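First the structure, in the form of structure tokens, and then the observations on it.
The values are calculated or read from the model by the stated rules, or taken from the named source; none is laboratory data. All figures in this text were calculated on a predicted structure; none of them were measured in a lab. Using ideal geometry, Cβ is built from the backbone for each residue, glycine included, and neighbour counts are taken over all protein chains shown. Ligands, DNA and RNA are stripped out before the accessible areas are found, and what is left, the full protein with its side chains, is counted by its heavy atoms. Shrake-Rupley method; radii C 1.70, N 1.55, O 1.52, S 1.80 Å.
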Amino acid sequence: MELFEALNSRATAKAYGESAPTREHLAQVLESAVRAPDHGRLRPWRFMLIEGDQRRTFGELVAESARRRVPGLSEGDLQRAREKAMRAPTIIITICRVVPSTKVPDIEQILAVGAATQNILLGLHALGYAAAWKTGEAAYDPEVKKALGLSPDDHLVGFVYAGGGAGASVPPGKPASVQDVMLEFPR
């Protein structure tokens, strides 16, 4: 797939299929992630793969997070929270481990991990996988970070759900025209 074809055809998946990305493909995708822009060459990104039965454990973390945030949540809602982790065969968690005491502001380090996450999405798409970048309230829950072995200062930038193959994503909608999003420099 050519670069602009990948950029212009990538879409957030609604379905992922049962097949997980291969180890070789994951290695390629993560190699592209660490080539993201990185002011100060701080390498603030960390990645965590969740596959197989680990997804059930992750689903329990997400459900417990929901239970803490919303007292009295119905069992049906908790079950839906658990099942989110099972919607794709692979979840790649992208994490920003901010490097303190540098001249590079935290926001630039978090944006570097955002760029790495975009590279993951584009790499998966170019290899024929369906993928989506999700977050949700669990991404901001200190107890979820703790359960994942992360520091309170780490940032969960995204949960990238991936799997399936060609045809598993919905075609992208018509994007805004460039003219609609361009601003003029004030005079």
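Structure data summary
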| read-out | value |
| --- | --- |
| Phi to ³J(HN,Hα) by Karplus 6.51 cos²θ - 1.76 cosθ + 1.60 over the range 31-41, Hz, x for Gly, Pro | 5, 5, 4, 7, 9, 5, x, 8, 4, x, 6 |
| In Å, descending, principal axis extents of the Cα set of the range 60-131 | 46, 37, 12 |
| C-alpha center-to-center spacing [the range 5-32, the range 145-161] in angstrom | 21 |
| Virtual paramagnetic centre 7 Å along Cα→Cβ of V178, amide N under 14 Å, in the range 96-125 | none |
| Order of exposure, largest accessible area first, which applies to V62, V34 with probe 1.4 Å | V34, V62 |
| MRE, 222 nm, helices only [DSSP H, n ≥ 4, -39500 (n - 2.57), over the chain, to nearest 500] | -12000 deg cm²/dmol |
| For the range 4-144, with +1 on Lys and Arg beta carbons and -1 on Asp and Glu, the positive-most of F58, T90, A115 along the dipole | A115 |
| Exposure of K134 as accessible area (Å², to 10), given a probe of 1.4 Å and all protein chains | 60 |
| Cut-off of 10 Å, at most 10 other beta carbons, DSSP loop: longest stretch of the chain lacking such GluC sites (Glu not before Pro) | 19-183 |
| Correct option for volume of the Cα convex hull per residue in Å³ [calculated from the coordinates] among (1) 117; (2) 169; (3) 215 | (2) |
| Count of lysine pairs in the chain with Cα separation under 27 Å (8 or more residues apart, or interchain) | 11 |
